[in-house]
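**Q** One structure follows; several queries about it will come next.
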Amino acid sequence: MHKILIKGYFKNYDINEKINYNNYGFLLSNFITFKNNNDKIKINFKNDKIVFTKENNNSKLVHEFILNENTTGKYKIKSQNILIDIPIYTTKIENKNKSVKIEYNFLNNESKTKNIIYIEYEVLE
């Protein structure tokens, strides 16, 4: 396991929201884990997909990103045990040496909402 410094962001263009990441985390095999405020974030790099998980005391969000494919994210509200399906379409995955950029759309009846997750890291130990 390696300690890493993470920099990056999550950007939702529909509501013009941007969450910046500047945190310490860990790299173990194909997993990156770190905490941002009260959220535990895990990124799992698999052969054909990237799984992004964000969890806190109130909720859990899991997205599977597969390039040029529709997938269904899962959002769970823990206190009420409600599970919401979130249809998404992944438009871009750039998985480089020490960074990953994922562009995807939330698909609903009215529009497509563009989102970006960008993470870069530096190995410290």
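**Q** Would you check which residues across region 1-59 are within 14 Å of Ile119 (Cα to Cα), open to solvent by 90 Å² or more (accessible area, probe 1.4 Å) and among the charged types (D, E, K, R) and list them?
**A** Of everything in region 1-59, those that are within 14 Å of Ile119 (Cα to Cα), open to solvent by 90 Å² or more (accessible area, probe 1.4 Å) and among the charged types (D, E, K, R) turn out to be Lys7, Lys18, Lys35.
**Q** Does at least one position in region 69-78 carry a residue that is in a strand (DSSP E or B), open to solvent by less than 90 Å² (accessible area, probe 1.4 Å), more than 16 Å from Phe10 (Cβ to Cβ) and in contact with a Phe, Trp or Tyr (Cβ under 9 Å, 6 or more places away or on another chain)? Quick ask: steps written out before the conclusion?
**A** At the first step, the residues of region 69-78 found to be in a strand (DSSP E or B) are 70-77.
Adding the requirement that they be open to solvent by less than 90 Å² (accessible area, probe 1.4 Å) leaves 71-77.
Adding the requirement that they be more than 16 Å from Phe10 (Cβ to Cβ) leaves 71-72, 74, 76-77.
Still in the running and in contact with a Phe, Trp or Tyr (Cβ under 9 Å, 6 or more places away or on another chain): 71.
Yes, region 69-78 contains a residue that is in a strand (DSSP E or B), open to solvent by less than 90 Å² (accessible area, probe 1.4 Å), more than 16 Å from Phe10 (Cβ to Cβ) and in contact with a Phe, Trp or Tyr (Cβ under 9 Å, 6 or more places away or on another chain).
**Q** Quick one: is Ile41 in a strand (DSSP E or B) and in contact with a Ser or Thr (Cβ under 8 Å, 6 or more places away or on another chain)? Please lay out each step first, then the result.
**A** Values: in a strand (DSSP E or B): yes; in contact with a Ser or Thr (Cβ under 8 Å, 6 or more places away or on another chain): yes.
Yes, satisfied.
**Q** Okay, moving on. Of all residues in region 98-125 being touching a residue at least 60 places away in the same chain (Cβ under 8 Å) and not in a strand (DSSP E or B), which is most open to solvent (accessible area, probe 1.4 Å)?
**A** Glu125
**Q** For region 84-97, state whether one or more residues are in contact (Cβ under 8 Å) with a residue 40 or more places away in the chain, open to solvent by 70 Å² or more (accessible area, probe 1.4 Å), not hydrophobic (A, V, I, L, M, F, W, C) and not in a strand (DSSP E or B).
**A** Just the residues of region 84-97 that are in contact (Cβ under 8 Å) with a residue 40 or more places away in the chain, to begin with: 93, 95.
Filter once more, keeping what is open to solvent by 70 Å² or more (accessible area, probe 1.4 Å): 95.
Filter once more, keeping what is not hydrophobic (A, V, I, L, M, F, W, C): 95.
Narrowing further to those that are not in a strand (DSSP E or B): none.
The answer is no, given that none of the residues of region 84-97 is in contact (Cβ under 8 Å) with a residue 40 or more places away in the chain, open to solvent by 70 Å² or more (accessible area, probe 1.4 Å), not hydrophobic (A, V, I, L, M, F, W, C) and not in a strand (DSSP E or B).
The values are calculated or read from the model by the stated rules, or taken from the named source; none is laboratory data. These figures come from a predicted structure and were not determined experimentally. Note that each Cβ is placed from the backbone with ideal geometry, even for glycine, and that neighbours are counted across all protein chains shown. Protein only, heavy atoms only, side chains kept; ligands, DNA and RNA dropped before computing areas. Shrake-Rupley method; radii C 1.70, N 1.55, O 1.52, S 1.80 Å.
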